[in-house]
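First up is the structure itself, then whatever we jot down about it.
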Amino acid sequence: MRLSMNTRYAVIHASFWGAYGSLWAFIALVLEYNGFASAQVGVVTSCATLLSVFLSPAVSSFLDARPGLENRHGAMALLTLAAALCLLVWLVPLPRPFVLGACFALTLLGCMFFFLTHTISNTYMNALVGKAGGTASAVGTSLAISAVLELPAMTLVSRLQKRFSPGFFLRFAAGAEVVKFLIFYLARSMPLIYLGHCMQFFQFAVYAPATVYYVAAALPERDQLKGQSLIFVAGSGLGGALGNLLGGRLLDRSGIQAALLLGTVSAAASLLTFCLSTREDSR
């Protein structure tokens, strides 16, 4: 009986990895054959990878919560769905709007990561300043630095938006956010905390107008308002909520350094997603 089970398991593994290898070995060739540029191939494959990050734990939790549903039944259902989707892609070529939609969805994910990081530094400013020995007055000074630098930066972006693409500004802002949070993470004195807040000039003050320009360039006029709403929901809504929730939990359990580390990783994720979704967006 054990031999029989081992044989079945080996057959299942061989079939799975055979299908997996065939798919990922030739997916780029198939997409390029259908007119996809290299950047668009990267967007499609990245969306698949990111989907697995969220789908795998969700499916596992679903099966664990239902003891009466055998794991093999869930696996067969997922494999059948995957086979049906592969057949659909083979029979029906992906339209170009699908790629544009995937790029925009990936940008929304980047906005979520960006605001998750941004929210941690705003909400837990007192803990951030406190770790460097600052007082309540230092919190006020930090906020003042950020606020004063935003207006000239936004004005500068509006002047430069004809020379650089919206995607460039989004990538630039996310890169600045990574640097900003690295400074916060390493800071042990208030001058470094103030230096981190000076990065607001390159970070949020660039991100805010860039999202407006991005929607205007990426979506047709009839979808402009909807696009701006989605950017707000993904960023301020979902990203802000996650930043407050996860940042607070880490702060209580492990301290401000853990929350800042989360912010740094999230900022890097934002930069990566913006690089993938706006790779073709250059002038």
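The values are calculated or read from the model by the stated rules, or taken from the named source; none is laboratory data. Just so it is clear, the structure is predicted and the values come from calculations on it, not from any experiment. Because the Cβ atoms are built from the backbone with ideal geometry, glycine has one as well, and the counts that use them run over all protein chains shown.
Side notes on the structure shown:
- Arg163 vs. criteria more than 30 Å from Gly130 (Cα to Cα) and surrounded by 19 or more Cβ atoms within 10 Å (Cβ to Cβ): no
- Elements of type helices (runs of 4 or more DSSP H) in the range 167-283, at least 2 residues being hydroxyl-bearing (Ser, Thr, Tyr): 204-218, 256-277
- Lys162, sole failed condition from (1) within 18 Å of Ala267 (Cα to Cα); (2) not in a helix (DSSP H, G or I): (1)
- Filter result for Lys226 (among the charged types (D, E, K, R) and closer than 15 Å to Thr107 by Cβ): yes
- The lone exception for Leu262 - which of (1) under 16 Å from Gly110 (Cβ atoms); (2) in contact (Cβ under 8 Å) with a residue 60 or more places away in the chain it fails: (1)
Every residue, every condition in (1) farther than 30 Å from Tyr124 by Cα; (2) acidic (Asp, Glu); (3) touching a residue at least 60 places away in the same chain (Cβ under 8 Å); (4) in contact with a helix residue (DSSP H, G or I) (Cβ under 7 Å, 6 or more places away or on another chain), yes or no:
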residue: Leu219; (1), (2), (3), (4): yes, no, yes, yes
residue: Asp223; (1), (2), (3), (4): yes, yes, no, no
residue: Gln228; (1), (2), (3), (4): no, no, no, yes
residue: Gly240; (1), (2), (3), (4): no, no, yes, yes
residue: Leu245; (1), (2), (3), (4): no, no, no, no
residue: Leu271; (1), (2), (3), (4): no, no, yes, yes
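- Yes/no for Leu116 being assigned to a helix (DSSP H, G or I), touching a Leu at 6+ places or on another chain (Cβ under 6 Å), surrounded by 21 or more Cβ atoms within 10 Å (Cβ to Cβ) and touching a residue at least 40 places away in the same chain (Cβ under 8 Å): yes
- Annotation: Pro97 fulfils all but one of (1) at pLDDT 90 or above; (2) within 23 Å of the chain's Cα centre (by Cα); (3) part of a helix (DSSP H, G or I); the unmet one is (1).
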